[in-house]
Amino acid sequence: MHRFQKVPTSTADPRSVNFVVCGRILENLILPCLAKLHKFLNQRFIEILLFCLLADTNMVNAGEMNGSGNLMDFLDEPFPDVGTYEDFHTIDWLREKSRDTDRHRKITSKSKESIWEFIKSLLDAWSGWVVMLLIGLLAGTLAGVIDLAVDWMTDLKEGVCLSAFWYSHEQCCWTSNETTFDDRDKCPQWQKWSELLVNQSEGASAYILNYFLYIMWALCFAFLAVSLVRVFAPYACGSGIPEIKTILSGFIIRGYLGKWTLLIKTVTLVLVVSSGLSLGKEGPLVHVACCCGNFFSSLFSKYSKNEGKRREVLSAAAAAGVSVAFGAPIGGVLFSLEEVSYYFPLKTLWRSFFAALVAAFTLRSINPFGNSRLVLFYVEYHTPWYMAELFPFILLGVFGGLWGTLFIRCNIAWCRRRKTTRLGKYPVLEVIAITAITAIIAYPNPYTRRSTSELISELFNDCGALESSQLCDYINDPNMTRPVDDIPDRPAGPGVYTAMWQLALALVFKIVITIFTFGMKIPSGLFIPSMAVGAMAGRMVGIGVEQLAYHHHDWIIFRNWCRPGADCVTPGLYAMVGAAACLGGVTRMTVSLVVIMFELTGGLEYIVPLMAAAVTSKWVADAFGKEGIYEAHIHLNGYPFLDVKDEFTHRTLATDVMRPRRGEAPLSVLTQDSMTVEDVETLIKETDYNGFPVVVSKDSERLIGFAQRRELILAIKNARQRQDGVVSNSIVYFTEDPPELPPNSPHPLKLRRILNLSPFTVTDHTPMETVVDIFRKLGLRQCLVTRSGRLLGIITKKDVLRHMAQMANQDPESIMFN
C-alpha cells in the first residue's frame, strides 16, 4: 500500500496536516469503494479521479520519496491482463495454485465482516457445482440432438419417410399401423429413393439409382462438413483428445475450446458420421463437452482468471463427454482420470462424477435410442462363460494389440506424409476422395453400408428365436421344446456362412480405410471404428468356436462343459471382448476401458473376459511401442506434453541440459537496481524468451527472482500511460524500497510486484531423472540452475523435451510445436 509520511503537528504547515489526514481517510474509506467500482465503470475515468484526489498527498511526500509512490499500488489489480498467458505458451501451475490460495484466503477473511460477504463466500463455494450442473445439462442435450440427427441423416441416404420427413427409418415404421413383426423394417410410409423417383423397389435400375444417390448424399454431407470446418473453425477437425490432453497439461491453445468451435464441431459431427465415413462421434463429443466447460467457466471469475482452476473444470467436462458418448458415467470419470487429465485432485473427482451424472440423466431424458435405456449397445446374454474360453479371449487380446500397433504406425506415417507433402494443401479434395471410395466400396456389403453403431449392435446381439439377422440363420431342430431364452447350439445355416465372408471383407475394408480416415480435416473419432474391427473379428471367432463345440463336443476341451443340446458358446460375447481388445490396443486404456464396456453393454458378469482381453492387448501393443494413438499424435504435432507414463532412465545432470551451454551467449538477465526502462525494453525486443532471471548484479549473479516477459511488457506499458515522470531513463527497481535519488532525476519504476521471489531452483548436479519428475509433477514452465546461490543457467520445458528426444535418438527439433 502507499505509505504516507507522518508529519509532526508542531512544525508542519496546517494545510499539510489536513492533506495527510485527508489522505488517510481517502486510503481507509474511499479507495476501497472506488477499487470495487472500477470493475464496472470506465477504468480510465477512475484512474484520473484517483490521480486528482491524490495529487496533494503525493506532493507532501515528494521531497523525500521522489516519486517512488506508485499509483498502481492503490488498486487491487495493478493493470489489466496481468497473470494471463500468451497463445501457445505453458501456464505456471505453482503460480496459479498460489493465486487461488490467496483468493480463497481473502474471501474467507472477508466473510466474517458482513452478511453480504458471507453470502458471497457461499456463492463462490457453490460456483463449482453450478458449473458442473450447466456442463452436464448442455453436454447431455447436445449429445441427444446429435444422436437423433445422425439417425435421421444416415437413413436419408437410403430413403425418406412420407408421413414425416424428419423421421428416421425406425421411427417411421414405429408409427405405422401396417407394419408386421416379420417385416418390421418395411412399411408403406418409408420409401427408398428408387420407389419415390421411378416407382421401382427391385431390379438393376432401382439398385443403381439407390447406389448413386447413396454416394451423392455421402459426398454432399462430407463436402459441407469440411467446408464449414475450413472456413469457420479450423480447430473443429480431428478427434480433439490429443489437444485436450495437451491443454489439460497446461498448454494454451486459444480458440480451441471457443464458441465457434463448439457450434461448428456439433454441426459437422452430425454430417461426417451420417456420410458413412469410418469414424465415430465419441472422441469429438469429449471435445464438445470441454468446449461447454470452457464456456461456462468463463462466466465465473473464479475459473476465468485462473488457468489452473479452469483445467479442473475441463477435466470434469471430459468425464461428462465420455458419459454421454457411451452412456457410461462411471467409465467417463475413470477415462478422465486415466487418459486425459494431468492434474486431478479429489475435489475434481467428485465434481466429475456429478457432471457425468447430470449429463447421463439429461441424455436418458431425451432417450435418443428409443429403447428407454442409457447404454448404446444393451445386451442380455443367458449363458455364462467357461474357463476354457479364456484361451480364445486372450487370442482376441493378441489380435487387438497387433491391430493397435499396425494402425498407429500406418496412421502416423500417413498423417506425417500429409503434413510434409502437397497432400496437406488440399484437405477438401482428400475428404471428398476418401468419402467417395468409402461409399463406393461400402454400399454393396450390408455390413459396411449401415452405420457403424448399428453394425456393432448387431454383432453384440445374442441370437434369440425372434432374430431375423443373417448371423442368426441356424438350422433349427423341429423337435426343440426348450424355452426361447435357452436355445441350444445349432449347426450354422447358409445365412451364417454368407455373413462370415461378408464380415471378413468388411473387416479388411474397415482396417484399411480407417487408417486413411482418422486425422482428416473433419471431426473424426476412433472409438467406434476400433470397436467395429474388434467386434467383427470377435464374432467370427465366436461362431467358429461355437461350431467347433457343436460338431466336436466329445473333444476333451469341450467334454466337461459343452454337452450335446446345451447352449455353450455365445458369439456375441466374443464380439464384445474383441471390441474391447482392439480399442485397448489403439488407446492403451485398461481400467476405464473395462468399465466403459460393461456400462456400454450391461454385461456385468463378463468383466473377467474383458479384463483378460484388455490387459493382453496392452501387453502386446506395448511390446512394439509405449505410445497410444493420442500420444503419437501429440508427438507428431510437437505439443509440449510431458507424459507421466514415459520413463526417463538416462544418467545425465541438470548442467548437461541447462542453457546457456559452452560456446553460447551468456544468459539474459535483469539486475535489481541498475537497468533503465530503455535497457529492459531493448532486452525484450532483442530476445524471445518468456521470462528473465533477476540478479543482484551481473558481477555477483546472486539470484533474486524471476520476471515474466509478458508482465514486464504490460507493466512498462501501463506505467508510461498512467504515471507521470516514467521515461526511458527511469531506473527499474525490483527491490522493496528504492534508494533516495537526486531531485532532478527521472521517476523510478518499481516492479517488485510482478517479481516471483521464489522461483524453483535446482543445483547443477541434480540428476535429470529428478528434474523430469519435478517438471511432470509440479507442472513447471522453467526452473533455474544455481550453485551456492549463484545463477548458472535455466532449464525450460522445451529443453526437457528436446533432451528426452535426443536420448531416444530422435531429432530434437522435429518434435517441437511450430
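The values are calculated or read from the model by the stated rules, or taken from the named source; none is laboratory data. Note that the structure is predicted; figures quoted are calculated from it, not measured. A quick note on method: Cβ atoms are made from the backbone with ideal geometry, for glycine too, and the neighbour counts reach across all protein chains shown. Side chains are part of the model used for accessible areas, which takes the heavy atoms of the whole protein and leaves out ligands, DNA and RNA. Shrake-Rupley method; radii C 1.70, N 1.55, O 1.52, S 1.80 Å.
Considering the zone a paramagnetic label at Glu454 would reach in this model (a point 7 Å from Cα along the Cα-to-Cβ line), which residues of region 192-226 have amide N under 16 Å from it?
Residues 192-194, 210-211, 213-215, 217-218 qualify, since their backbone N sits under 16 Å from the label point.
Between Asp673 and Glu113, what FRET efficiency follows from the Cβ-Cβ distance if R0 is 30 Å, with the result rounded to 0.05?
0.20
In Å², what does the accessible area per residue of region 655-709 work out to with a 1.4 Å probe?
On the way: 3000 Å² over 55 residues.
Here the residues of region 655-709 average 55 Å² of exposed surface.
At 0.36 nm per residue, and after removing the present C-alpha to C-alpha distance, how many nm does the segment from Asn476 to Leu505 gain when stretched out fully? Intermediate values should be presented prior to the final figure.
Working: separation 29, 0.36 × 29 = 10.44 nm, distance 2.74 nm.
Roughly 7.7 nm would be gained on extension.
Quickly work out the Val145-to-Ser728 label distance, labels modelled 7 Å from Cα along the C-beta direction, and quote it in nm with one decimal.
Each label point is offset 7 Å from its Cα along the Cβ direction, giving 5.6 nm.
Please sort 502-514, 159-171, 352-364 by packing, taking for each peptide the average over its residues of neighbouring beta carbons within 10 angstrom, highest first. Each step should come with its number before you reach the end.
Numbers: 502-514: 19.1, 159-171: 16.5, 352-364: 24.5.
By packing density, highest mean first, the sequence is 352-364, 502-514, 159-171.
Between Leu123 and Lys425, what's the calculated FRET efficiency when r is the beta-carbon distance and R0 is 51 Å? Round to 0.05.
The calculated FRET efficiency here is 0.50.
Ranked highest first by the average count of other Cβ atoms within 10 Å around their residues, in what order do 216-227, 675-686 fall?
So the order, starting with the most tightly packed, is 216-227, 675-686.
Using a 7 Å offset from Cα along Cα-Cβ at Asp764, what residues in region 688-728 end up with backbone N under 20 Å from the label point?
What the label zone holds, given the 20 Å backbone N cut-off, is 693-705.
Take Ile704, Ile135 and sort them by solvent-accessible surface of the protein heavy atoms, 1.4 Å probe, largest at the top.
Final ranking, largest accessible area leading: Ile704, Ile135.
What is the distance, in nm, between label points placed 7 Å from the Cα along the Cα-to-Cβ direction at Lys645 and at Ala623?
Placing both labels 7 Å beyond Cα along the Cβ direction yields 1.8 nm.
Per 5 Å bin from zero, what fraction in whole % of the C-alpha pairs of region 614-718 is there, up to the bin with the longest pair?
2, 9, 13, 15, 12, 11, 10, 9, 7, 5, 4, 2, 1
Report the residues of region 247-263 in range of a label on Phe88: point 7 Å along Cα→C-beta, backbone N strictly under 20 Å from it.
Once the point is set 7 Å along Cα→Cβ of Phe88, 247-258, 261 turn out to lie under 20 Å by backbone N, inside region 247-263.
How much accessible area does Tyr343 have with a 1.4 Å probe, in Å² rounded to the nearest 10?
Answer for Tyr343: close to 90 Å² accessible.
Between Leu741 and Lys685, take the C-beta separation as r, use R0 = 30 Å, and let me know the FRET efficiency to the nearest 0.05.
Using R0 = 30 Å, I get an efficiency of 0.70.
Using amide H atoms built 1.01 Å from N in the peptide plane, name the residues 5+ places from Ile704, or on other chains, whose amide H lies under 5 Å from its own.
Long-range HN contacts for Ile704: Val694, Val695, Val696.
If I model a spin label as a point 7 Å beyond the Cα along the Cα-Cβ vector, how far apart are those points for Glu605 and Ala204 in nm?
Calculated label separation equals 5.4 nm.
Quick check: net charge around Gly789, other residues with Cβ under 13 Å of its Cβ, Lys/Arg +1 and Asp/Glu -1?
Details: positive: Arg702, Arg787, Arg790; negative: Glu701, Asp764.
Taking every other residue near Gly789 into account, the sum is +1.
Using a 1.4 angstrom probe on the protein heavy atoms only, line up His650, His803 by accessible area, largest first.
In descending accessible area the options line up as His650, His803.
Could you tell me the accessible area of Arg559 in Å² (1.4 Å probe, neighbours in place), rounded to the nearest ten?
140
Roll a 1.4 Å probe over the protein heavy atoms and report the accessible area of Met658 in Å², nearest 10.
Using a 1.4 Å probe on the heavy atoms, I get roughly 20 Å².
With a 1.4 Å probe and all protein chains kept in place, how do Val541, Val496 rank by accessible area, largest first?
Val541, Val496
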